[in-house]
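Nothing in this text is a laboratory measurement; each read-out follows from the coordinates by a stated rule. These figures come from a predicted structure and were not determined experimentally. Glycine also receives a Cβ, built like all others from the backbone with ideal geometry; neighbour counts cover every protein chain displayed.
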Amino acid sequence: MMRSLYSGVAGLRTHQTRMDVIGNNIANVNTVAYKSQAMNFSDLLYQTTQSASGPNDETGRGGVNARQIGLGAKTAAIGTTISQAGSAQTTNNPFDIYITGKSFFIVSDGTDNFFTRDGSFCVDAAGNLVMSSNGYNVMGWQTDTDPKNANNIVKDTVTPLRIMSPENMTYPAEATTAAYMSGIIDKFDDNVKAAGGKIVNMKIYDNMGYSYTAKYSITETATAGSYAMVLTDVLDSDGISITQKKDANGDLVPSGLDLPALNVGGTIDDNYKVTTGTGTDLGQIKGGTGTALYLHYDVKDGSWIGITATETLTRDDTTGRVTDTVYDSFALNFLNDNPADNEINFGDVSVDMSSTTNVNNDGTSTVAATPGTTKGLQRGRKVGEMTGVSISNAGMIYATYDNGQSKLLGQIAAAQFANAEGLEKAGDNLYKSSMNSGDFDGIGVDVTADGGYFTTGELEMSNVDLSNELTTMIVTQRGFQANSRIITVSDSMLEELVNLKR
């Protein structure tokens, strides 16, 4: 009877543990990425009152099984259903990420790495991608530090992803270095025949992101089928010619500048702060005759010099196309030759004329200039401000900017384990590796390595099956009641035994 009492107590204790597991599952039915647990029982211990014996040929007696009395139940195992994914919940938050497959996010408290399926992230004040619940850094891989390989991810030891660092908030400006003209130059066009010529404008940028308008004039020459294209002026973003001098207050000086004529190697006086040279350092505007004029600006006194460049365009009578396919004209590459004086200089912009034809179009010329190559490269741009962040299915983090550019900021790494069920729960929706889960190598894997992927704007919900938990809770309750009856019945039998003394 004393054995049955202890068996009942062991049963009560074991069923209470199972109820604790069930209660925890139900409590976390709405916890992001929670993985439900299940408990299994095993018998506890046996008292052998008679050992087993085998058949005896000499006596002719058969074998007898062992006589053993059980002493209750115990917890055999508490397993976690990590491999079963929870359903996806749409949040429309771009930093909420749902992870599929058997992978885990890698997060760090600054000292140790942890693993989680909870993808509810946000960006902190320092620009780090962190868990919104506890501020742990989301870990991943950085881009190559070599600017030439900026779109390459270096899969090395994971580090915190600082996606909104100061250097990532803007995209650098770029000078316009190429352009092309397309359309028709009609010899009967009155504009082409006029002294002022057909005016063509093109928007261009310097390497600090300031925009200008280059004005070209196309006029006919004395030679049939030949036209002169001249860079006549450059206007700033306010529409004011950069040849006009400004005073110390930035106001335009009423009278125009008396600009000296320059040749290659020419020397400018100190008022213009231009040193003697061949144009290698300052840049030059190349004309069709091989001569070159400098274009130089000093931001302190607003001095500009030399805005003249001419190229002769000759028609191919067979094709009607211009024979000079590349025209080196307006120089626009701002170089800082003398930082102390804040001097700015222009370099070359190559203008491709191969798409321009000289054919009849009823007296109307349609020629137009477009910055950049025909593939849209080398157009130049202003400094870009970050306008958004997106995350691809592979965890690539991209920033977009208001100058039309995008930039790869890093990649979210994932972790996989030989036995994910062997991970230990660490609270806060976190896991840590154990001796039975396998080690984390510090680098991680691409989430797509096993066919998994990330989805933004969604979160993985708990995989608790509430109907199953409630059913198991009923079974557990009845088991607890039955074990309590063992104790009460055993107590009644002991009471009868004590009453024998009467």
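Here are some notes:
- Working note: Karplus 6.51/-1.76/1.60 with θ = phi - 60° gives region 13-19 the couplings 4, 5, 5, 5, 5, 5, 5 Hz, where Gly and Pro are set to x.
- Charge dipole (region 357-421, unit charges on Cβ, about Cα centre) - positive-most of V383, V359, Y398: V359
- Environment charge at A27 (Cβ cut-off 13 Å; Lys +1, Arg +1, Asp -1, Glu -1): -2
- The alpha carbon gyration tensor of region 8-114 gives principal lengths a ≥ b ≥ c with a/c of 1.5 or higher and a/b greater than b/c, which makes the shape prolate.
- FRET efficiency for E495 and N468, using Cβ-Cβ distance with R0 set to 56 Å, rounded to 0.05: 0.85
- Which listed pairs, of K215/K375; K215/K382; K155/K432; K74/K501; K198/K382, have C-alpha distances above 31 Å, in listed order: K74/K501
- Label sites at V9 and S53, each approximated as a point 7 angstrom past Cα along Cα to Cβ, lie 3.5 nm apart.
- Loop chymotrypsin sites (Phe, Trp or Tyr not before Pro), region 180-225 (other Cβ atoms within 10 Å of the site Cβ: 13 or fewer; DSSP): F188
- The chymotrypsin sites (Phe, Trp or Tyr not before Pro) of region 42-135 include none that DSSP puts in a loop with a beta carbon having at most 16 other beta carbons within 10 Å.
- Percent of beta bridges antiparallel (DSSP, region 87-215, rounded to nearest 5): 100 percent
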